Structure formats: structure tokens, C-alpha cells
Amino acid sequence: TGRAVYITMGLPIVMIFILMGRSLSLPNAIKGVKMYFAEWHGEKLAGGQIWQGACGQIFFSIGVGFGYFTSYASYNTKYANAVQDAFIIGFSNSLYEVLAGFAVFGIVGFLDLKPDETTLSTFTVGFLTYPLALAEMPGANVWAVLFFLTLALLGLSSAFALTEGMVTLLYDTPLKKLPRPAVTGGVVLISFLLSLMY
């Protein structure tokens, strides 16, 4: 898992910088950036909907409650600095999402979208907004392939993390007597069979 993460997380980081550079170079991108940072809507912050969305995003992106950080922490040394690790993870995640926001809102300005009129959900951004920006880039087909490869790798890295969490949990039970590849293979096989219904 450790070696695979260099690719499954490295490519998305490179892609976000490419998308950010391209989206900010598009005409009228500054309108989107102003919406992102220069406009203040205090009345919206008073509503619960925006806080529910923000909490859902942070819980999903950091993975609080999924168990894989607990699993990964079990591999740490006895005196590892857990507070420092938690700070680094939270800070890195937030920085990545702020940078991704520049890429999104540059495209929002270019397409002259109004967030009040258009819902910018994860699906909308990932499968409508970004692809529209990619279509405006020279060599659009190459960038589109790289973008959707990046999305696939992000899904794959999430699958690695969730599988590792489950395997570690099972390996701390009487299944510890079984070889780890057998436990991992069993989890992957059961997950595969459960996913067939989708």
C-alpha cells in the first residue's frame, strides 16, 4: 500500500496544479476567484445546510470514523507523535481542498456559472465542470484521459485504505492464525462479490 500511494496520490496532486493553472488562465476566471475569496455572504453561514455540507466533506475526505487511520496508526512506533501526525493530515487535506477550490472557481468564472442558480455538487464538478475546462485545453483528449485516470486512482487508493482498515481489524481477532495474504484475499473477494449488485 505504501508504494502504491506514491502513484495514487502523487498523480492527483500534479493534476490539481495543472487544472488550477489552466482554469486560472481562462477568460473571466477572476470572476470565479472573486466569488471564492472576495465575496462574503454572512446570511448563508447562519444556515445549517452549509455547515452540514462542510462537515460531511471533511469527514469524508479525511475519513474520520472509517477506521483506516486507526489501522495505520497501529503500525506506528510506540512513541510516535500522533498529535503532529493528526495536524499534518488535517492541514494537508485542507490545503489540498483550498487549492482545488481555485481550480473549480476559475472554471466557474469562465463558464459564468452562478452558485445560487447552479448546484456545485461533487458530481457536477467532477463530471461536468472539470471536463468542460479540459475541453478548452490544447490536447484535450490527453488531459481528459489523465483526469479520469486520476479519478480512478483516487477511487483505488480509497479502496486500499478501506481494505487495509478491515484486514487490520480482522487480523486482530482469532483470524490472526491465518496468513495475512489469505485474510486480505478473503476481504477483497467478499468485497468484490458484494459490489456485483452495483
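The values are calculated or read from the model by the stated rules, or taken from the named source; none is laboratory data. Since this is a predicted model, take the numbers as computed values, not measurements. In this analysis, Cβ positions are derived from the backbone assuming ideal geometry, glycine residues included, and neighbour counts consider all displayed protein chains. What goes into the accessible areas is simple: the full protein's heavy atoms, side chains included, and nothing from ligands, DNA or RNA. Shrake-Rupley method; radii C 1.70, N 1.55, O 1.52, S 1.80 Å.
Per-structure values
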| quantity | calculated |
| --- | --- |
| Pairs where the first residue, in region 132-143, is in contact (Cβ under 8 Å) with a residue 12 or more places away in the chain and over 15 Å from Pro27 (Cα atoms) and the second is open to solvent by less than 30 Å² (accessible area, probe 1.4 Å) and part of a helix (DSSP H, G or I), C-beta under 6 Å, 6+ apart | Trp143/Leu134 |
| Residue in region 112-129 that is modelled with pLDDT of 80 or more, among the aromatic types (Phe, Trp, Tyr) and in a helix (DSSP H, G or I) present | no |
| Cβ pairs under 7 Å, 6+ apart, first in region 74-88 and open to solvent by less than 100 Å² (accessible area, probe 1.4 Å), second outside any loop (DSSP other than H, G, I, E, B) | Ser74/Thr168; Ala82/Ala73 |
| Whichever residue in region 152-190 is polar (S, T, N, Q) and touching a helix residue (DSSP H, G or I) at 6+ places or on another chain (Cβ under 7 Å) and, among such residues, is modelled with the highest pLDDT | Thr184 |
| Top-ranked residue in region 89-111 [being free of Cβ contacts under 8 Å to residues at least 60 places away in the same chain and among the aliphatic types (A, V, I, L, M); ranked as farthest from Ala73 (Cα to Cα)] | Leu111 |
| Pair list, Cβ < 9 Å and 6+ apart or interchain, from region 177-194 residues that are without any contact (Cβ under 8 Å) to a residue 40 or more places away in the chain to residues that are open to solvent by 100 Å² or more (accessible area, probe 1.4 Å) | Val183/Lys176 |
| Selected residue [in contact with a Phe, Trp or Tyr (Cβ under 9 Å, 6 or more places away or on another chain) and either assigned to a helix (DSSP H, G or I) or without any contact (Cβ under 8 Å) to a residue 12 or more places away in the chain (or both)] from Lys44, Lys31 | Lys31 |
| Any hit, region 47-69, residues being assigned to a helix (DSSP H, G or I) and touching a residue at least 60 places away in the same chain (Cβ under 8 Å) | yes |
